[in-house]
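Right, one structure below, let's go through it.
The values are calculated or read from the model by the stated rules, or taken from the named source; none is laboratory data. Only a predicted model underlies this, so the values are computations on that prediction, with no experimental measurement involved. Note that each Cβ is placed from the backbone with ideal geometry, even for glycine, and that neighbours are counted across all protein chains shown. Remember, those area values only see protein heavy atoms, side chains included, never the ligands or the DNA or RNA. Shrake-Rupley method; radii C 1.70, N 1.55, O 1.52, S 1.80 Å.
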Amino acid sequence: DYLRDELLTQETRDMISSLPKEKGWLVSEMYQFQGRWHTQALLQGILICQKRFEAKDSDIILVTNPKSGTTWLKALVFALLHRHKFPVPSLGNHPLLVTNPHLLVPFLEGVYYESPDFDFSGLPTPRLMNTHIPYLSLPESIKSSSCKIVYCCRNPKDMFVSLWHFGKKLAPEETADYPIEKAVEAFCEGKFIGGPFWEHILEYWYASRENPNKVLFVTYEELKKQTGAEMKQIAEFLGCGFIEEEEVREIVKLCSFESLSNLEVNRAGKLPNGIETKSFFRKGETGGWRDTLSESLAEEIDRTIEEKFHGSGLKF
Ligand code: A3P
């Protein structure tokens, strides 16, 4: 999996040996590359992606910070793009009813970590993929082509809490003795795998404002509040053509937390990398951070939000 380094090549080991290194929550080693902290595994995936991935104008790339609604967004956009091939409601044969969304939409740096020679050119058009790669570290062709990016952002307190529980499930031993106070501090400072998340959000936010035809910025909170309207906005951005209201309603229902999380494939399945599919479905709520964060820890994150997003136009 992405926390271990079993599939590291000698080339990656040589390249990262000169990078700044820190011990992080969840992992004993994380490396700073282009201003961000990564596990060795995903860093290898990013490096190969930068070198090998050739974007096509018709590509659709879903971008998130971890635990910001990736699984949901993958399901929604997959169902939307394939609504003619796989109409919803379906008589039990929609791919989302029998396959976890992560297996329907490839994770760029994850695939490249596991299979450095993977050839994305064979995927059907339009190719739908996802990544957590920061804007600055995206392969050049993603930025220079006319491919579309849908970015989903989540309230950082909910994102932290979701990550915290996910990490504990994923690596109970590694996280057992790590106090939440220390994790919040590292999260705020940005010394967290995948972090700093603040810059990740801001870069895509500004990219969406500068180039609204290229980057669409949506939030988990708005998706929760008005899934249908947000989905129509995504459909329009992607040039999906006319969609019946009934179709929108059915896709929203199929991709809802209640529906996806209760499917056998998402309750008892495993991804090829060993992660249990049920770990992608916890509560699926907004504001759930109150169960886990004390008032003072929530204030610490709020102060960072204020400091980082002040003047950007982004509100949480
Ligand atoms: P919680 O841990 O707060 O419940 P990601 O997919 O980026 O890993 O994010 C996981 C988060 O999204 C988890 O949040 C999970 O429960 C939530 N989630 C997964 N599927 C969802 C859906 N269909 N609708 C709403 N939230 C969903």
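Within the stretch 203-216, is even one residue closer than 30 Å to residue 33 by Cα, within 16 Å of the ligand (Cβ to nearest atom) and part of a helix (DSSP H, G or I)?
Restricting attention to the stretch 203-216, the residues satisfying the condition of being closer than 30 Å to residue 33 by Cα are 203-216.
Next, from what is left, pick out any that are within 16 Å of the ligand (Cβ to nearest atom): 204.
Applying the additional criterion that residues be part of a helix (DSSP H, G or I) yields 204.
Checked the stretch 203-216: at least one residue is closer than 30 Å to residue 33 by Cα, within 16 Å of the ligand (Cβ to nearest atom) and part of a helix (DSSP H, G or I).
Please determine whether any residue of the stretch 65-78 is within 29 Å of residue 27 (Cα to Cα), more than 16 Å from the ligand (Cβ to nearest atom) and in a helix (DSSP H, G or I).
Checked against the condition, which is being within 29 Å of residue 27 (Cα to Cα), more than 16 Å from the ligand (Cβ to nearest atom) and in a helix (DSSP H, G or I), the stretch 65-78 yields no hits at all.
Could you check the stretch 257-316 and list, in sequence order, the residues that are among the basic types (Lys, Arg) and part of a loop (DSSP other than H, G, I, E, B)?
Within the stretch 257-316, 282, 283, 315 meet the criteria.
Could you say whether any residue in the stretch 221-236 is more than 21 Å from the chain's Cα centre (by Cα), more than 30 Å from residue 278 (Cα to Cα) and open to solvent by less than 20 Å² (accessible area, probe 1.4 Å)?
The answer is no, given that none of the residues of the stretch 221-236 is more than 21 Å from the chain's Cα centre (by Cα), more than 30 Å from residue 278 (Cα to Cα) and open to solvent by less than 20 Å² (accessible area, probe 1.4 Å).
Filter the stretch 269-291 for residues that are of a type in the set (A, V, I, L, M, F, W, C) and crowded, with 17+ Cβ neighbours inside 10 Å and give the result.
Initially, the stretch 269-291 is screened for residues of a type in the set (A, V, I, L, M, F, W, C), giving 271, 275, 280-281, 289.
Correct list: 275, 280, 281, 289.
Among 294, 312, 261, which is of a type in the set (Gly, Ala, Ser) and either in contact with a His (Cβ under 7 Å, 6 or more places away or on another chain) or crowded, with 16+ Cβ neighbours inside 10 Å (or both)? Break it down into steps so the answer makes sense when it comes.
Numbers: 294 fails: either in contact with a His (Cβ under 7 Å, 6 or more places away or on another chain) or crowded, with 16+ Cβ neighbours inside 10 Å (or both); 312 fails: either in contact with a His (Cβ under 7 Å, 6 or more places away or on another chain) or crowded, with 16+ Cβ neighbours inside 10 Å (or both).
Answer to the check: 261.
Run residue 159 past the list (1) more than 22 Å from residue 34 (Cα to Cα); (2) surrounded by fewer than 16 Cβ atoms within 10 Å (Cβ to Cβ) and report the number of the one that doesn't hold.
(2)
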